[in-house]
Amino acid sequence: MLGLTRSSAGHNIPPNSGQLGTQVQVNKGGSNMRSWRQAQVLYLIIHFSIVLGVHAQSPSGSYAAAFRTPKHVKLSKPEVFHTTVEEVVHYLETNNVYLVTDPLRARIETQDPISIESLVRITKDAGASYLLYITVDRPVTQWLKVTVECYDLDQKMLWRESAGYTGLTDVNSKKALPEIIEKLEKQLAPRMGKPGLMPKPESTSTPAVAGENPQ
């Protein structure tokens, strides 16, 4: 309630209309300021919640990146490089290896040199705990050579496996790829379930029972 001023004669005198208008404007302005601050705080909470959710560190996930050597650039084709990387990644995925994707960028497949330090930083930002560095090469004595290296977040190499193909002169890189992948499979198989090739986390959802209608 608005306060009334009592005169010396004992009569109540209403407040000045100008003072009343000023008071209403101040109250309205304060309310708007509080609403704006509340909206700003809510935005920050949502923003950081999204960031933390996207980049939550996985204790077992791996981030894959690929490099095409200068020799491969000179003596082979880009399609061979990308197909080789896809085959390696496909093998990992079919064996339930937990590969973390970066929501901010596509998988790195490049012929431009990138330091392990930078790749590990990207790995960490993506929320993974291991870097799988795939190198596709074309040595003079081989049609194709693929190397897979695993690094932890301290840039320490944990292991390395490589496979190449030295065939007849009528064999090209595309024909050599299946044999190389087969060799890599045998080399990587004993490492499955270990650092760099950890399995995906088990789903927490309960599978539907056959014949049961979902609620």
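The values are calculated or read from the model by the stated rules, or taken from the named source; none is laboratory data. What you see is a predicted model, and the numbers here were worked out from it, not measured in a lab. Because the Cβ atoms are built from the backbone with ideal geometry, glycine has one as well, and the counts that use them run over all protein chains shown.
Each row is one residue, and each column tells you yes or no for (1) among the aliphatic types (A, V, I, L, M); (2) more than 24 Å from GLY61 (Cα to Cα); (3) over 26 Å from the mean Cα position of the chain (by Cα).
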{"site": "GLU93", "(1), (2), (3)": "no, no, no"}
{"site": "VAL97", "(1), (2), (3)": "yes, no, no"}
{"site": "ILE116", "(1), (2), (3)": "yes, no, no"}
{"site": "ARG121", "(1), (2), (3)": "no, no, no"}
{"site": "LEU131", "(1), (2), (3)": "yes, no, no"}
{"site": "ARG138", "(1), (2), (3)": "no, yes, yes"}
Would you mind telling me which numbered condition in (1) at pLDDT 95 or above; (2) in contact with a Phe, Trp or Tyr (Cβ under 6 Å, 6 or more places away or on another chain) SER60 fails?
(1)
Just give me the residues in region 83-103 being in contact (Cβ under 8 Å) with a residue 60 or more places away in the chain and outside any strand (DSSP E or B), in sequence order.
THR83, THR84, GLU87, VAL88, TYR91, LEU92, ASN95, ASN96, TYR98
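Hey, among TYR133, TYR63, which residue is farther than 25 Å from THR166 by Cα and in a strand (DSSP E or B)?
Details: TYR133 fails: farther than 25 Å from THR166 by Cα.
After applying the criteria, what remains is TYR63.
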Contact list please: Cβ distance under 6 Å, first residue in region 104-122 and touching a residue at least 12 places away in the same chain (Cβ under 8 Å), second residue small (Gly, Ala, Ser), pairs at least six apart or on different chains.
ILE108/ALA65; GLU109/ALA66; LEU119/ALA65
Note on region 166-182: residues under 23 Å from PRO78 (Cβ atoms) and at pLDDT 90 or above are LEU177, PRO178, GLU179, ILE180, ILE181
Of the residues in region 99-114 that are surrounded by fewer than 15 Cβ atoms within 10 Å (Cβ to Cβ) and of a type in the set (Val, Ile, Thr), the one that is nearest to the chain's Cα centre (by Cα) is THR101
